[in-house]
1. Among what's in the stretch 76-91 and is in contact with a helix residue (DSSP H, G or I) (Cβ under 8 Å, 6 or more places away or on another chain) and in a loop (DSSP other than H, G, I, E, B), pick the residue that is farthest from residue 12 (Cα to Cα).
2. Would you mind stating whether residue 3 is within 14 Å of the chain's Cα centre (by Cα) and crowded, with 20+ Cβ neighbours inside 10 Å?
3. Between a first residue in the stretch 63-76 that is in contact (Cβ under 8 Å) with a residue 40 or more places away in the chain and a second residue that is in a loop (DSSP other than H, G, I, E, B), which pairs have beta carbons less than 6 Å apart while being 6 or more apart in sequence or on different chains?
């Protein structure tokens, strides 16, 4: 699971020309689109923390599969504090990868057992995927896969058994982590 210092990553991604709109709110929405795409692609979950309050949101801006967004309220470094607290209270911090270039956040999370990924590294990764055309264009919807399930998917379904029960177990695990 990735734990992301949202605006820290947004600043790093803004250095890659043409990836984010100039408008701050639309840039945040685009960042979330890119992260959601990566999360789906890698079959991982992400939790993104932003300072402040959401302000005016466009419909569906925060509604992404595998992506949970938290606005931490007013106060200096509120997202930094929330990221540290999330990692420090996690049952298994070693399973977390924290995306932040803030040295205090990185140090505290590393001491708690999490792995650290500098925001610049994640920004470069998102930029590379976008340049290679592997992410949806801003505002584009991804098309669902066509056709039936393949051998690998069938094996996965056989392994997990009852899909509803599996989903409930995953949701329980996520709640325990968060």
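1. 91
2. In short, yes.
3. Filtered contacts from the stretch 63-76: 69/62.
The numbers here are math on the coordinates, done by the rules we state, and not lab data. Source: prediction; values computed, not measured. Backbone-built Cβ (ideal geometry, glycine too); neighbour counts: all protein chains shown.
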